[in-house]
Amino acid sequence: MPSRKVRVRFAPSPTGGLHLGGMRTVLFNYLFARQNGGDFILRIEDTDQARFVEGAEQYIIDCLNWCGLNPDEGPHVGGPFAPYRQSERKENYRKYAEQLVKQGNAYYAFDTTEELENKRKEIPNFQYGHAHRMEMRNSLSLSDDEVQSLLSQNVPHVIRIKVPEDETIAFTDMIRGAVSFDTNLVDDKVLLKADGMPTYHLAVVVDDYLMQISHAFRGEEWLPSAPVHLLLWEYLGWKAVMPEWVHLPLILKPDGNGKLSKRDGDRLGFPVFAMDWKDPKSGEITKGFKELGFLPEAFVNMLALLGWNDGTEQEIFTIAELIEKFSIERVSKAGAKFDFEKAKWFNQEWIKRKPVSELEPFVADILKQKGVEVESSFLQKAIALVKERLVYVNDFWQQASFFFVSPEQYDLGSVKPKWNDQKTEFFHLMGEVFKSTASWEAIDIELLFKSQAETSGLKVGELMLPFRIMLVGGKFGPHVFDIAHLLGRQETVSRIERGLNAIAE
Ligand code: GLU
């Protein structure tokens, strides 16, 4: 058990749909916090106004809520370290940037966009760092008087970190172990922008400090930023309380070639966002797992296994089991390939495991959309009969609509060629027998059907498919006598008659 109070944060920028990788970061944060009796914080990193997207914050909150991974502190629930939106914490950052300038660890830079562009044209792979900083217009290259005069004229400027030369920055990542960087390869990142807003680099460090974050979980794509953050923790004098770093492996495309992107999802036909995301500008909707018909339990279970396992063959985990068993030590360093077929398998397994009564609300929603009203007891029986066949909850209508509306079309292709008068006669008789039989239990219907077939000198095997098609319309569905049982005597008889008419046409 870590000695500090565990406080972890998910710190998304509200820029659009929430990707699988982001949701997995949420999950690991949540599991770790719950396991250690800690706090899970949602912090909105919205300092980049150019990338701000309307509605994205609420969408993130909705995604967390759908998965049941709700934070203890956040912009929507408040908490002792409020506000939890960086745009509302603007005043906090400048003083630290100024402190760094005073200490000699940062400097003012007055270069215009044009000057920077020219420099980039002039020098291939230009980096604003120790090699070139003295060629630029900043408080290191200009005289004190010049700097003072520029500042007093309010000439737009940024504050950049002064990354030291020829040093190695090393730290231990809880997943990756020892990691080190050569400072000569790290550029002097902007800390405070001309509009007074901090960049991500400054804001993330200041807020992780002020919010007393003990462990920082984030995607591996942030690893290259780590040296800048480490320097900031050191220069600001906070190294002793720096969080433990936990850089999570990437989620890879199904073929393992690079990071999974939304475009891969579009290309290969699966979602990469937790929930449907509607781009407020273009109006374009990107499909999410929720709307496709994933159960949150399945989605969470699938995410947990992207890069983690408990060392056994177990694959199905409830959230309580995940809280108990999750360990950072068992998160793999290597990227995790996303396998949509496996994701579907998780969903199927969870649908099978979920009690009918818990599936009912999802299904009731679908029926409502179709304008179907039905008694709960009937609906529950229908769910029980088809749930083994559902990959998505939304498959319910396709798999079970015949329980609520009689088929409008019949798949007669495999029935008609082998049809004969004897079969017509059989079904007429069968209808009569069904009308007068005492029991309407599935097993009794089956026995009657079989004995009638024998009496008529027909093979049961040749009659089952036509019977199914009369009741259902096609070659699918659960056990045909279970279907007849649930449809009821009258409905079964009338479907036989309608079916016979369709065959005769
Ligand atoms: N704002 C960053 C993001 O959008 C957070 C990275 C971090 O957790 O440090 O992912």
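Using θ = phi - 60° and the Karplus relation 6.51 cos²θ - 1.76 cosθ + 1.60, list the HN-Hα couplings for the stretch 486-498 in order, rounded to whole Hz, with x at every Gly or Pro.
For the stretch 486-498, the Karplus-derived couplings read 6, 5, x, 4, 4, 5, 4, 4, 5, 5, 5, 5, 5 Hz, x marking Gly and Pro.
Sketch the reach of a paramagnetic label on Trp397 as a point 7 Å from Cα along Cα-to-Cβ, and name the residues of the stretch 348-366 whose backbone nitrogen lies under 11 Å away.
Within reach of a label on Trp397, which here means backbone N under 11 Å from a point 7 Å along Cα→Cβ, the stretch 348-366 contributes 365-366.
Mind checking the dipole of the stretch 318-444: about its Cα centre, +1 per Lys or Arg Cβ, -1 per Asp or Glu Cβ, Debye to the nearest 20?
Roughly 560 debye, rounded to the nearest 20.
Report, as a whole number in µm² per second, the diffusion coefficient that Stokes-Einstein gives for the stretch 1-141 at 20 °C and 1.002 mPa s using the Kirkwood radius over alpha carbon pairs.
After rounding, the answer is 118 µm²/s.
At a 10 angstrom cut-off on C-beta neighbours, averaged per residue, how do the peptides 390-402, 260-272 rank from highest to lowest?
Descending packing order for the listed peptides: 390-402, 260-272.
With the alpha-carbon atoms as the only input, what is the per residue convex hull volume for the stretch 219-270 in Å³?
Dividing the Cα hull volume of the stretch 219-270 by its residue count gives 86 Å³.
Using only alpha carbon pairs under 8 Å that are at least six residues apart, calculate the relative contact order of the stretch 1-121 and give it in whole percent.
Contact order relative to length: 24 percent.
What whole-number volume per residue, in cubic angstrom, does the convex hull of the C-alpha atoms of the stretch 288-388 give?
Spelled out: Cα convex hull of the stretch 288-388, divided by residues, is 111 Å³.
Return one whole number: the accessible area per residue of the chain in Å², for a 1.4 Å probe.
Per-residue value: 46 Å².
Run the quick spin-label model on Asp411 and Lys370: label points 7 Å from Cα toward the beta carbon, then report their separation in nm to one decimal.
With each label placed 7 Å out from Cα toward Cβ, I get 1.6 nm.
Decide, for the stretch 185-337, between rounded, prolate and oblate: order the square roots of the alpha carbon gyration tensor eigenvalues as a ≥ b ≥ c, take rounded if a/c falls under 1.5, and otherwise choose prolate if a/b is larger than b/c, else oblate.
Since a/c reaches 1.5 but b/c is at least a/b, the shape of the stretch 185-337 is classed as oblate.
Take the alpha carbon gyration tensor of the stretch 426-505, find the square roots of its eigenvalues, order them as a ≥ b ≥ c, and report rounded if a/c is under 1.5; if not, report prolate when a/b exceeds b/c, else oblate.
Verdict is rounded for the stretch 426-505.
At Asn65 and Glu462, where each label point lies 7 Å from the Cα along Cα→Cβ, what is the point-to-point distance in nanometres?
The modelled label-to-label distance comes out at 6.1 nm.
In the stretch 23-63, which GluC sites (Glu not before Pro) are in a loop and have at most 11 other Cβ atoms within 10 Å, using DSSP for the loop call?
Sites meeting the loop and neighbour criteria: Glu54.
log10 I(q)/I(0), Debye, Cα-only the stretch 29-85, no solvent, q = 0.24, 0.27 Å⁻¹?
Cα-only, vacuum Debye calculation for the stretch 29-85: -1.03, -1.16.
Rg and Dmax of the chain, using alpha carbons, in Å: what are they?
31.8, 111
Given a 1.4 angstrom probe, I'd like the percentage of the accessible area of the chain that is carbon and sulfur, rounded to a whole number.
That fraction is 49 percent.
So how compact is the stretch 258-326: Cα radius of gyration and Dmax in angstrom?
Cα radius of gyration and Dmax of the stretch 258-326 are 14.7, 47 Å respectively.
Compute the normalised compactness of the stretch 153-215: alpha-carbon radius of gyration over 2.2 N^0.38 Å, N being the residue count.
Expressed relative to 2.2 N^0.38 Å, the Cα Rg reads 1.39.
With the contact rule set at Cα under 8 Å and sequence spacing of 6 or more, what percent relative contact order holds for the chain?
12 percent
For a protection proxy built on the mean count of beta-carbon atoms within 10 angstrom, sort 275-287, 409-421, 343-355 highest first, please.
Listed from highest to lowest mean packing, they are 343-355, 275-287, 409-421.
Given labels modelled 7 Å from the Cα in the Cβ direction, how far is it in nm from Leu223 to Asp144?
About 4.4 nm, to one decimal.
At 0.36 nm per residue, and after removing the present C-alpha to C-alpha distance, how many nm does the segment from Trp238 to Glu284 gain when stretched out fully?
Between Trp238 and Glu284, full extension yields an extra 12.1 nm.
How long are the semi-axes of the equivalent ellipsoid of the stretch 356-492, defined as square roots of 5 times the Cα gyration tensor eigenvalues? Whole Å, largest first.
29, 17, 12
Provide the net charge surrounding Leu192, with neighbours chosen by a C-beta distance below 11 Å and charges set as Lys +1, Arg +1, Asp -1, Glu -1.
Residues near Leu192 contribute +4 overall.
Per the helix-only calculation at 222 nm, which mean residue ellipticity applies to the chain, given -39500 (n - 2.57) for every DSSP H run of n ≥ 4 and division by its residues, nearest 500 deg cm²/dmol?
For the chain, the value works out to -13500 deg cm²/dmol.
Could you give me the percent of Cα pairs per 10 Å distance bin for the stretch 85-158, shortest bin first, beginning at zero and ending with the bin that holds the maximum distance?
17, 43, 31, 9
Could you put Glu122, Glu291 in order of accessible surface area, largest first, with the 1.4 Å probe and the full protein assembly present?
Largest accessible area first, the residues go Glu122, Glu291.
Tally Lys and Arg at +1 and Asp and Glu at -1 over the other residues with C-beta under 15 Å from the C-beta of Arg267: what net charge comes out?
With Lys, Arg at +1 and Asp, Glu at -1, the neighbours total +2.
The values are calculated or read from the model by the stated rules, or taken from the named source; none is laboratory data. These numbers come from a predicted model, not from an experiment. Counting neighbours? That spans all protein chains shown, and the Cβs are built from the backbone with ideal geometry, glycine included. What goes into the accessible areas is simple: the full protein's heavy atoms, side chains included, and nothing from ligands, DNA or RNA. Shrake-Rupley method; radii C 1.70, N 1.55, O 1.52, S 1.80 Å.
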